[in-house]
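Notes follow the structure.
The values are calculated or read from the model by the stated rules, or taken from the named source; none is laboratory data. All figures in this text were calculated on a predicted structure; none of them were measured in a lab. When we count neighbours, we look across all protein chains shown, and the Cβ atoms used for this are built from the backbone with ideal geometry, even at glycine. We work out accessible area using only protein heavy atoms, side chains counted, and drop any ligands, DNA or RNA first. Shrake-Rupley method; radii C 1.70, N 1.55, O 1.52, S 1.80 Å.
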Amino acid sequence: MRAIALLLCLIAASARAQQSGEPPLPPEESLTPPPITLAPHEEPPSAPPVGAAPEDEFLPLPSASSPRAAPPPPAVTPAPPPPPRATAAPPSKAIGPVEPVSQRAARYSLYSAGAGGSMFALTEGLVGVVTGAMLGSAFDVASQQRDSDGYTGAILGGLTLGAAATFYQYFVPVGRREALLAAGAASTGLMASLTLAHSENMSAKDRALLSFTGTQASILAVLLLTAGGQDVSAGDAGLVGATSLYAFIVTGFVEYIHARQTDQSFNFVPLLLAPAVGMAVGGLLALPLELSSTSVFELTTFPLGTGALALLVGTQLADGVTVAKTVLGTMAGTFFLVALIHGLSGQAVEPEQRSVSSVQAMPVPVLVAAGRRNEGIAAGPGLFLRF
């Protein structure tokens, strides 16, 4: 009876709730939240603090299947760079010169400051051997008259001037073209000095002193005119060589014409002095002018080529004086035309940019066969050129 009464009460209560419009209450089992299953390594979530915001109640709880995100790694502060190492000062008793780093990096090699230093040192050494032998033979102070101090003078002169040139080119850069000009000036200066001494009938001592002074003055003039830290341009070096060659050729033809017309012997003194004078004139012209290497090459090869052609043809058709005059006129006319063309086109005065030369020169010893039947051997200095 009691069960029937309870069932009737429930039916009456539900009917009353439907009439009032209120939703029926859920059963008691549906109001209980499901239990939370935690992983073995996880901790239960802490209860929210009292008075938290309403939206905190609806935050999703971590599920058992999704792993927890790892905490971000701590920020690593980069270590400061180490302080620069202090460069130790060179010792006060160090062997050799103390140079700044910038100058030391700009050196051409360990033994030379410029590309033409070795050629310059070799030139001075050879000049010292020749002039030293002349001085030793002239100032003979040996105990016996049959002995000669030429060998001693050659050794001392070569070592002294060679060592001085090596010391100079170690500190001062000497370019390749500058060294070539110095070698040419030494050769022409020695030739001019011997020519003057022979023409004036000087004694052996005066001849030796004049030869030594003339060669060293010529080399010193080249070093002074080309000083400045950079090598001589190809146009300036070509101009000096071209004027020296022109002076030698023109002087030879003029002396030949004069000797034939006056019935005199050929005078070799002006011919041997002309190369030195031509180098001096070319050096003076190179100061205000700045010709390109192409212009100098054409101003030299074209006149000489036409002059050689006129000489070859004239020897078969006319006498010597007429041929010589024709050659000089042909060379002068060709030179004027080439110079006029370059002047009108603006190539003759175009400044040339200094560039590194692709020609390498190296002094080498040379051994050649000598004698009538090539049974002997001759040794001497040589120059190896690589293009």
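For the stretch 202-329, with all protein chains present and a 1.4 Å probe, just round the carbon and sulfur fraction of the accessible area to a whole percent. Don't skip to the answer; put the middle values down first.
Numbers: 4730 of 6720 Å².
C and S atoms contribute 70 percent here.
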For 178, 255, 290, 200, give me the order by solvent-accessible area with a 1.4 Å probe, most accessible first, ignoring ligands, DNA and RNA. 200, 290, 255, 178
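Express the C-alpha Rg of the stretch 282-333 as a ratio against the empirical globular expectation 2.2 N^0.38 Å, rounded to two decimals. Mind dumping the intermediate values first?
Working: Rg = 14.3 Å, N = 52, 2.2 N^0.38 = 9.9 Å.
Relative to the 2.2 N^0.38 Å estimate, the stretch 282-333 comes out at 1.45.
Within the set of other residues whose C-beta is less than 11 Å from the C-beta of residue 196, count the net charge using Lys and Arg as +1 and Asp and Glu as -1. Please report the intermediate quantities before stating the final value.
Values: positive: 207; negative: 200, 206.
Local net charge: -1.
Quote the FRET efficiency, to the nearest 0.05, computed for residue 293 versus residue 337 with a Förster distance R0 of 22 Å and r equal to the Cβ-Cβ distance. Could the numbers behind the result be given before it?
Numbers: r = 20 Å, r/R0 = 0.90.
Approximately 0.65, to the nearest 0.05.
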With labels modelled as points extended 7 Å from the Cα through the Cβ direction, what inter-label distance (nm, one decimal) is found for residue 159 paired with residue 312? 5.3
With a 1.4 Å probe and all protein chains left in place, how much accessible area per residue does the stretch 241-331 have, in Å²? 54
Sorted from largest down, give the three principal axis spans of the alpha carbons of the stretch 203-247, whole angstrom values. 41, 29, 9
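How big, on average over all directions, is the shadow cast by the Cα convex hull of the stretch 193-336, in nm²? List each step's numbers first, then the result.
Numbers: hull surface 42.0 nm².
If I average the Cα hull's projected area over directions, I get 10.5 nm².
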Amide N proximity, the stretch 156-197 versus residue 269 label position 7 Å along Cα-to-Cβ, cut-off under 15 Å: 192-197
Take the alpha carbon atoms of the stretch 114-210, find their radius of gyration, then divide it by 2.2 N^0.38 Å using N residues; give the quotient. 1.21
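Quick one: compute the contact order of the stretch 112-229, relative version, from alpha carbon pairs under 8 angstrom and 6+ residues apart, as a percent. Can you show the working numbers first?
Working: 181 pairs, mean separation 38.3, N = 118.
Answer for the stretch 112-229 is 32 percent.
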